[in-house]
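The values are calculated or read from the model by the stated rules, or taken from the named source; none is laboratory data. Quick caveat: nothing in here was measured; it's all calculated off a predicted structure. Every residue, glycine as well, gets a Cβ built from its backbone with ideal geometry; the counts of neighbours run over all protein chains shown. Just the protein is used for accessible areas: all its heavy atoms, side chains included, with ligands, DNA and RNA removed. Shrake-Rupley method; radii C 1.70, N 1.55, O 1.52, S 1.80 Å.
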Amino acid sequence: MILRELKPMDYLEPEELEKIHQAVLTILEKVGVEFHSQEARDILKKAGAKVEGEKVYFPPKLVMEQVALAPSEFTLHARNPENNMVIGGSYTVHAPGYGSPYVMDYVQNARRNATYEDYIAFTKLAGSSDNFDVVGGVLVEPNDIPDKIRHGKMLYASVKYTDKCLMGSAMGEKKAQESVEMAGIVFGGVEEVRKNPALISLINTNSPLQFDPRMLGALMVYARNNQPMIIAALAMTGTTSAVTLAGSLVQQSAEILAGIVFAQLVNPGTPVVFGSASSIVDLRSGSLAIGSPESVKMFSVIAQLARYYGVPSRGGGSLTDALIPDAQSGYESMMVIMNTVLSGTNFILHSAGLLENYMTMSYEKFIIDDEMLGMIKNFCGRFPVDEDALAVDTMVRVGGGGNFIADEHTFKHMKDMRIPIVSSRQNYAGATELTDTAQRAHEYCKQVLQDFQSPPFDEKTEDELNRYIEKLG
């Protein structure tokens, strides 16, 4: 978790932000959002929204009243209380990649279907690093596990191999309910989970301006159980949203606000995150361009809008359109995630491992991104300017022409500087061999997995989880 000591960067002027907000209210009131669930529409109609067929129209007063009920920050509880996370305010929390069906094989230089073994390995990497706060969800899509039990096996792996905060399944009402019940096994009962939220889940809109029944079913389960949700849009400019950045922002913000309003109507005070995975589309090829500066601009404004509405934000990640862990993947990823953090984003999914615009996970890219997160965390902490740090007495003691290397002040602070995990600081003469960053990351990853030790996990709880998963099949 990063405690940002720097003020968040506001990308838009206040009057520009107000124009977007007013346009969002206009879309919600005049165009509406489709809710493909009769139960959801009944709840919205009872609250004062206009319903015509499957389309719901939101009065501005209803929108602002309900959004005001959502907390500005909340605590997500981990199996190890020392790993509890505050989401909101000046905090930024990181979660690894999410949803990729493929894994890049570095040795073969080719992608392949992701497996459960990959899921476990990425969970171990996230658990081993100090830079990741939330694990689980769909780190990769394990294609070798039957769909009926896949969500259960993924949650089990997250609990067994880490003691950090968790993500639950959003693949419909049934899997959401099963995620809550599994969390109950781990945290001492479902009622305890309701009191102390232990799962955060990703509820995606269906752009343009729709919520499908699967996501709505999961949303209602989590809201009724007081579990936090990231309400997020993946609008794609020129295809599923307007081609202009401002127009796309208006549409995705309308979708997100509609979901937040609905969550508050199901259970007032439900913790929510104002989220976006939206991006531009390169209309020459029809491909997403998530490693683009335009995407960063949208993430920055999403964070600013979330502050305007008084709720936490989600956006960005170590995002790239590159197919391999090369220079392109490095400069795009650093641009996106650095600016996302500096914009004041509170929850960053896809913080490590992604290649090929959300489609592929890479072990080597995961390690390189972990390195970048450590650098950003160090940067956001600024530096102390107290009497000891100013070192005036030390300079007086050493004097002109002296050497600080053997001074007691140097010994006291010699470990203050961050030590890189894969970045090379050797000079040419001292290097025994010349390797690129991806190769060093490949070797480092193998060592981390070889040395990994699971955190303590109660045997009875583990057995109960396994019995529960067996019943899912």
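Structural remarks
- Residue list for segment 417-435, filter: under 18 Å from Met375 (Cβ atoms) and open to solvent by less than 90 Å² (accessible area, probe 1.4 Å): Arg418, Pro420, Ile421, Val422, Ser423, Ser424
- Arg314 meets all of the listed conditions (1) open to solvent by 10 Å² or more (accessible area, probe 1.4 Å); (2) closer than 22 Å to Ala242 by Cα; (3) among the charged types (D, E, K, R); (4) in contact (Cβ under 8 Å) with a residue 12 or more places away in the chain but one, namely (1).
- Enumeration of residues in segment 457-473 that are in contact (Cβ under 8 Å) with a residue 24 or more places away in the chain and assigned to a loop (DSSP other than H, G, I, E, B): Phe457, Gly473
- Helices (runs of 4 or more DSSP H) within segment 111-209 that include 2 or more residues farther than 24 Å from Met372 by Cα and open to solvent by less than 10 Å² (accessible area, probe 1.4 Å): 147-161, 173-187
- Residue within segment 440-452 that is without any contact (Cβ under 8 Å) to a residue 60 or more places away in the chain and either within 30 Å of Gly188 (Cβ to Cβ) or of a type in the set (A, V, I, L, M) (or both) present: no
- Selection of segment 448-473 for residues being open to solvent by 60 Å² or more (accessible area, probe 1.4 Å) and either under 26 Å from the mean Cα position of the chain (by Cα) or among the basic types (Lys, Arg) (or both) yields Gln453, Pro456, Lys460, Arg467, Lys471.
- When residues in segment 224-267 are screened for being open to solvent by less than 40 Å² (accessible area, probe 1.4 Å), over 25 Å from Gln304 (Cα atoms) and part of a helix (DSSP H, G or I), 1 of them pass.
- When we screen Lys365, Lys377, Lys412 for residues that are open to solvent by 10 Å² or more (accessible area, probe 1.4 Å) and in contact with a strand residue (DSSP E or B) (Cβ under 9 Å, 6 or more places away or on another chain), the only hit is Lys377.
- Of the helices (runs of 4 or more DSSP H) lying entirely inside segment 307-425, those containing at least 3 residues that are farther than 22 Å from Glu294 by Cβ are 363-380, 387-390, 392-398, 408-413.
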